[in-house]
Amino acid sequence: MAPASKSSMQRACAAALLSQGTSIIRNPGHSNDDKAALEVIKALGADISIMDDETLEIKSKGINPESASVNCGESGLGIRMFTPIISLSDKPITIDGDGSLLNRPMDFFDEILPELGVEIISNNGKLPLKIKGPLVPANVEIDGSLSSQFLTGLLFAYAAADAKDVSIKVTNLKSRPYIDLTLQVMEQFGLKIPENKNYKEFYFSSSGFKKQLKNNDYTVEGDWSSGAFLLVAGAIAGPITVRGLDMMSTQADRVIIESLIKANASIAIEAKGIKVRPARMRAFEFDATDCPDLFPPLVALASYCNGTSTIKGVDRLTHKESNRAITLQKEFARMGVIIELKNNVMEIIGTGKLKGAGVQSHHDHRIAMACAVAGLCADGPTMIEGADAVDKSYPDFFQDLKKLGTNVSLIKKFRPYE
C-alpha cells in the first residue's frame with residue numbers, strides 16, 4: 001500500500017485551518033513533514049482530534065495564533081506554503097525550521113511580502129523569518145522558476161483574505177501539476193478559487209463567492225512520490241503490486257508510469273493495484289522538470305537499464321534536502337554507476353551490474369530510498385548511513401521493502417567510509 005501523500009496531506013491541513021469549520025481528514029499521513037504541518041496549524045489555533053489511526057478531526061475558526069513562534073520542521077512545502085498564511089495574522093510571529101531547511105533560500109518572502117503590507121526580517125534571506133501582518137492581497141508578479149510552492153502559499157492566503165479584483169502573475173512556473181493539486185484541495189474545502197489564465201495569471205474576482213462555515217470530508221491520496229520507489233523496486237527485484245495510487249491524480253509524480261513504460265519495464269494496471277515485475281530494460285529519455293522528486297528513483301531505474309539514459313531538469317535539484325544532482329552522482333559512483341552532468345541534463349550509464357557499497361543519505365530521504373532500491377540486486381550488501389532520513393516522507397519504507405524479501409537490518413554505529 002502506497003503511503004499517504006504529504007503533498008496532499010499538508011495542503012489539506014492548510015485548507016482545514018482556513019475553511020473555518022469542522023474538517024475530517026481520512027488516511028492522514030504520519031511522516032515527519034505531515035506531523036510538522038499538524039503542529040503548525042495547531043499553533044495557529046486549530047483544534048486537532050485523533051478519531052482513529054485512519055481519521056483526524058480538525059476544528060478551526062481561522063488564523064488565531066497561540067504562540068509567537070512557529071516551526072515548520074524540515075518541510076520545504078511547509079515553510080513556503082504556511083508563511084503567507086501565517087502572514088494573515090496581525091501579530092508578530094517568528095517562523096523557523098530544522099535541518100537542511102535552515103540553508104534554503106527564502107529571498108522570495110523578502111521581496112514579495114512587503115508588497116502585501118507584511119513587515120519581514122529574515123536572516124539574510126534564510127530562516128528564521130520574523131513577520132507581522134496582516135497580509136493584504138494586491139496585484140503582484142512572481143518568478144515561479146525555483147518552486148511552485150511559493151505560489152501555493154499565496155493562493156491559500158489570497159483565498160482566505162477574500163481577495164477581490166487582484167491577480168498573481170507568474171513567470172517561468174515549474175511543477176504545474178502541483179498547482180492543480182492546490183486548486184483541487186482549495187475547491188474541495190470550499191475556499192475561493194481564482195481564475196487560472198494558462199498558469200500565467202491567477203485572478204481573484206470580486207463576485208460570485210460567499211464564504212460560509214462548512215463541514216469538510218477529505219481523503220488524502222496515496223503518494224506517487226513515494227510510490228515511485230516501490231514501482232521501480234518492482235521493476236528491479238519484483239514482482240510487486242502497489243495499491244492506493246490514483247491513476248487520475250493531479251500529482252506530478254504520476255508520470256513515473258511513463259518512464260517505466262519507456263524503460264520497457266513489465267507493468268500492468270489492474271483493479272487491485274499496479275503490478276510491476278523485472279524485465280530486460282532499455283535506456284530511456286525523460287523530462288523531469290515538472291517532477292524533480294522523480295530524479296532519485298529514475299536514477300535507480302536507469303542504473304538497471306542497458307545503455308545511457310538521459311533525464312532533463314537538473315536545475316531543479318539544487319535547493320532540495322541536498323544538492324541532489326551532485327549527491328546522486330557521488331553515491332551511485334560508489335555502487336559502480338557513472339553519472340554525467342551536462343548543463344540541465346543528467347546522463348546515467350546503465351549496466352545492470354551494481355556493486356553493494358557503503359553510501360550516505362546526506363540527510364536526504366529520497367537519496368536514502370534511491371540507494372536502497374538500487375541495492376536490491378547489487379552484488380553484495382548496501383549499507384546506508386543516515387537511513388532514518390526516510391522518516392521525513394515515508395517512515396515505513398524499509399518495512400515495505402522487506403515484503404520484497406529484502407534483508408533489512410539496522411546498524412546504529414555504521415560508518416561507511418572507515
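A few remarks follow.
- If the condition is being of a type outside the set (Lys, Arg), surrounded by fewer than 18 Cβ atoms within 10 Å (Cβ to Cβ) and either closer than 26 Å to LYS392 by Cα or touching a residue at least 40 places away in the same chain (Cβ under 8 Å) (or both), then the range 101-128 contributes LEU102, ASN103, PRO105, ASP107, ASN123, GLY125, PRO128.
- Any hit, the range 384-392, residues being of a type outside the set (Gly, Ala, Ser), in contact with a Leu (Cβ under 6 Å, 6 or more places away or on another chain) and either free of Cβ contacts under 8 Å to residues at least 24 places away in the same chain or buried (at least 17 other Cβ atoms within 10 Å of the Cβ) (or both): no
- If you go through the range 119-160 and keep only what is under 23 Å from ILE193 (Cβ atoms) and assigned to a loop (DSSP other than H, G, I, E, B), you end up with GLY133, PRO134, LEU135, VAL136, PRO137, ALA138, ASN139, GLY144, SER147, SER148.
- Options LEU376, LEU341, LEU404, LEU328; residue that is part of a loop (DSSP other than H, G, I, E, B), under 27 Å from the mean Cα position of the chain (by Cα) and not β-branched (Val, Ile, Thr): LEU404
- Check on ALA37, more than 24 Å from ASP396 (Cβ to Cβ), at pLDDT 95 or above and within 20 Å of the chain's Cα centre (by Cα): no
- Residue check, GLU321 in contact with an Asp or Glu (Cβ under 6 Å, 6 or more places away or on another chain) and either aliphatic (A, V, I, L, M) or under 30 Å from ALA37 (Cα atoms) (or both): yes
- Subset of the range 34-66 (residues that are under 18 Å from GLU221 (Cβ atoms) and free of Cβ contacts under 8 Å to residues at least 24 places away in the same chain): ASP53
- Qualifying residue in the range 181-195 (condition: within 19 Å of GLU115 (Cβ to Cβ), among the aliphatic types (A, V, I, L, M) and either out of contact with any strand residue (DSSP E or B) (no Cβ under 7 Å at 6 or more places or on another chain) or at pLDDT 95 or above (or both)): no
- Of residues in the range 346-356 being surrounded by 15 or more Cβ atoms within 10 Å (Cβ to Cβ) and free of Cβ contacts under 8 Å to residues at least 40 places away in the same chain, the one nearest to the chain's Cα centre (by Cα): GLU347
The values are calculated or read from the model by the stated rules, or taken from the named source; none is laboratory data. Just so we're clear, the structure is a prediction, and the values are computed from it rather than from any experiment. Positions of Cβ are generated from backbone atoms using ideal geometry, with glycine treated the same way; all protein chains shown enter the neighbour counts.
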